[in-house]
Amino acid sequence: MNPRSRSVSLAALALLLAACEGNTFETRHLANLTLDALGDEAQLATQIPGSNTSALWESDRPEIVSVDAEGVVTAVGHGTANLESRRGSHHAQATVIVRAPMQVALSQVGVTVLGAGQERLSVHLDNTGGRGVYRLEVWGVTAPGETTRWLQTAWTAATFDLDATVQHTFATSTGGTTSASHWVVVEYQPHGYDTTTRACLGLPGAVGTCPV
């Protein structure tokens, strides 16, 4: 499966049937579906369950969720859209939620001097939005106006439920820079976006402002 898109069959979801006795009007409500990022896709039922009627879906918020003639929905914005298919006496509904963009926060930052020019970064990451990618950096303010980047990790995929402590060992040029002012930076890019965002947090004792 292409990691940039997700195809989910709503036909497998639980159905809630509501019938109006005075009419032959029948409504089938499909449970909520959540898409994690822009560009994610899902396949709605092409036939209204319990009938021989083909579904023809429409979105009330096409700027958030679009749907084509084959019932494929695509996340094009963030928010909630309701989709309906009305064919004669048959009425199907579905709600699609597109998560907010990826947003990563840093906490519980620490750097441990290991000796022999090695240090270990420990940082807690919490993503409150959809999926994307991130990388970490460690910067040291070694003198007024002088900064050194000692660590830059590779880009790493992050899901919407990222909530974990990660560790990285990195080399410094001074064999243990306990006198340096350490700043940890996370750079992240939500899936479907061309730009990145940075968040910065200083270790206890860090002076000044974030150097990047």
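The values are calculated or read from the model by the stated rules, or taken from the named source; none is laboratory data. Owing to the predicted nature of the structure, the values given are computational and were not obtained by experimental measurement. Because the Cβ atoms are built from the backbone with ideal geometry, glycine has one as well, and the counts that use them run over all protein chains shown. Accessible surface is based on the protein model in full, side chains and every heavy atom, while ligands, DNA and RNA are left aside. Shrake-Rupley method; radii C 1.70, N 1.55, O 1.52, S 1.80 Å.
Observations on the structure shown:
- Among the residues of segment 80-102, those that are part of a strand (DSSP E or B), within 22 Å of GLY192 (Cβ to Cβ) and in contact with a Phe, Trp or Tyr (Cβ under 9 Å, 6 or more places away or on another chain) comprise LEU83, ALA94.
- THR74 of a type in the set (Ser, Thr, Tyr), buried (at least 18 other Cβ atoms within 10 Å of the Cβ) and at pLDDT 90 or above: yes
- Residue in segment 187-195 that is touching an Asp or Glu at 6+ places or on another chain (Cβ under 8 Å) and at pLDDT 95 or above present: yes
- Only one entry in ASN32, ASN52 is assigned to a strand (DSSP E or B), open to solvent by 10 Å² or more (accessible area, probe 1.4 Å) and modelled with pLDDT under 90, namely ASN32.
- A single entry from GLU137, GLU119 fulfils the requirement of being among the acidic types (Asp, Glu), outside any loop (DSSP other than H, G, I, E, B) and out of contact with any Leu (no Cβ under 7 Å at 6 or more places or on another chain): GLU119.
- For beta carbons closer than 6 Å, sequence separation of 6+ or different chains, a first residue in segment 75-96 that is on the phi > 0 side of the Ramachandran plot and a second that is open to solvent by less than 50 Å² (accessible area, probe 1.4 Å), the qualifying pairs are GLY79/ILE64.
- Consider segment 113-152 and keep the residues that are aliphatic (A, V, I, L, M) and under 22 Å from the mean Cα position of the chain (by Cα). The one that is farthest from ALA171 (Cα to Cα) is VAL133.
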